[in-house]
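I have placed the structure first, in the form of structure tokens, so that the comments after it can refer back to it.
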Amino acid sequence: MQHPRLNDKGQPVTIKKPSTPSATDAWADSSAIATATPDCRMPSDVNGVPVAPWPAAPTDDAGWEALGARATFDEPPMPTAPGKKPAAGVVTVEPDGRVWVVAPTDGYGGYTRSYPKGKLDGVSTRASAIKEAWEESGLQVELTGYLCDSVRTTSVTRYYLARRLGGNPADMGWESQAVMLVPADTLASTTNHQNDQPIVKALLAHIGQKGA
């Protein structure tokens, strides 16, 4: 199967083992894992938020920075580690308690499922997190808080919490072959790469604090 989006060099991307989209009713079931694949059919809304393309998505760094600047929460200084580049990622949580994750195309980097992230490439961590969410999951998100920092294989990644404002997961970029909505209590097994376990731990602690 060929991904409908070209890579950053304008080249076609072949998905060797394509994912399977879920039944439509999974999107309305808070206990179900719902899966979108590139250009698959989607419901008109999820949890009352429309599922629709984001035509006003920024096309330059200044646009992403403007969105990142809207977030007003505090966060600690970014840690550093020798030989590791700074990066940013995002964990987007739905009102029904499920969490958005991405399936990297052909398990890139050893990840079957993970969270949108990427190197900064000259923009701030907040701008990068919003941009990566859009590029990898097709979602328009708003950052709501700081979650954690993770020392990974090649990066130190700052993860933010976010909520979805719009977008369509079926519009995912070429780096993802599926975008999934996953119950929080299954994340430890769904996103089971060792590098993602600190993110799961921090998220579950955050959810527990909110519920206390």
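Matching residues to (1) under 14 Å from ALA57 (Cβ atoms); (2) buried (at least 21 other Cβ atoms within 10 Å of the Cβ); (3) touching an Asp or Glu at 6+ places or on another chain (Cβ under 6 Å):
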site: LYS119; (1), (2), (3): no, no, no
site: ARG126; (1), (2), (3): no, yes, no
site: GLY138; (1), (2), (3): yes, yes, yes
site: LEU143; (1), (2), (3): no, yes, no
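Any residue at all in region 107-121 that's of a type in the set (A, V, I, L, M), farther than 14 Å from ARG163 by Cα and in contact (Cβ under 8 Å) with a residue 60 or more places away in the chain?
First, pick out the residues of region 107-121 that are of a type in the set (A, V, I, L, M): 120.
Filter once more, so that each one left must be farther than 14 Å from ARG163 by Cα: 120.
Subset that is in contact (Cβ under 8 Å) with a residue 60 or more places away in the chain: none.
No, region 107-121 has no match at all.
Taking THR154, is it at pLDDT below 95 and either surrounded by 15 or more Cβ atoms within 10 Å (Cβ to Cβ) or among the aromatic types (Phe, Trp, Tyr) (or both)? If you could, list the steps in order and put the result at the bottom.
Values: at pLDDT below 95: yes; either surrounded by 15 or more Cβ atoms within 10 Å (Cβ to Cβ) or among the aromatic types (Phe, Trp, Tyr) (or both): no.
For THR154, the condition - at pLDDT below 95 and either surrounded by 15 or more Cβ atoms within 10 Å (Cβ to Cβ) or among the aromatic types (Phe, Trp, Tyr) (or both) - is not met.
With part of a strand (DSSP E or B), closer than 26 Å to PRO12 by Cα and under 19 Å from the mean Cα position of the chain (by Cα) as the only criterion, which of ALA88, ALA103 stands out? Reasoning before the result, please.
Values: ALA88 fails: closer than 26 Å to PRO12 by Cα.
None of the other options fit; the residue is ALA103.
Filter region 22-46 down to the residues that are of a type in the set (A, V, I, L, M, F, W, C) and closer than 18 Å to LEU187 by Cα and list them by number. Lay out the reasoning, then the answer.
So in region 22-46, the residues of a type in the set (A, V, I, L, M, F, W, C) come out as 23, 26-28, 32-34, 36, 40, 42, 46.
Of everything in region 22-46, those that are of a type in the set (A, V, I, L, M, F, W, C) and closer than 18 Å to LEU187 by Cα turn out to be ALA26, TRP27, ALA32, ILE33, ALA34, ALA36.
Quick check on my filter: what residues within region 1-25 are of a type in the set (Val, Ile, Thr), touching a strand residue (DSSP E or B) at 6+ places or on another chain (Cβ under 8 Å) and closer than 15 Å to PRO169 by Cβ?
We begin by selecting, within region 1-25, every residue of a type in the set (Val, Ile, Thr); these are 13-15, 20, 24.
Still in the running and touching a strand residue (DSSP E or B) at 6+ places or on another chain (Cβ under 8 Å): 13-15, 20.
Result: THR20, single match.
Regarding TRP100, is this residue crowded, with 21+ Cβ neighbours inside 10 Å and over 19 Å from THR191 (Cα atoms)?
Numbers: crowded, with 21+ Cβ neighbours inside 10 Å: yes; over 19 Å from THR191 (Cα atoms): no.
No, not satisfied.
Restricting to region 1-34, count the residues that are among the charged types (D, E, K, R) and either touching a His at 6+ places or on another chain (Cβ under 8 Å) or farther than 20 Å from GLU135 by Cβ (or both).
Applying the first criterion (among the charged types (D, E, K, R)) to region 1-34 yields 5, 8-9, 16-17, 25, 29.
If we keep only those that are either touching a His at 6+ places or on another chain (Cβ under 8 Å) or farther than 20 Å from GLU135 by Cβ (or both) as well, we get 16-17, 25, 29.
Number satisfying all stated conditions: 4.
In region 72-84, which residues are at pLDDT 95 or above and either in contact with a strand residue (DSSP E or B) (Cβ under 6 Å, 6 or more places away or on another chain) or among the charged types (D, E, K, R) (or both)?
PHE73, ASP74, GLU75
Within region 106-123, count every residue that is of a type in the set (D, E, K, R), modelled with pLDDT of 95 or more and in a strand (DSSP E or B).
Of the residues in region 106-123, 1 are of a type in the set (D, E, K, R), modelled with pLDDT of 95 or more and in a strand (DSSP E or B).
The values are calculated or read from the model by the stated rules, or taken from the named source; none is laboratory data. Fair warning: this is a prediction, and the values are worked out from it, not measured in the lab. Neighbour counts run over all protein chains shown; Cβ positions are idealised from the backbone, glycine included.
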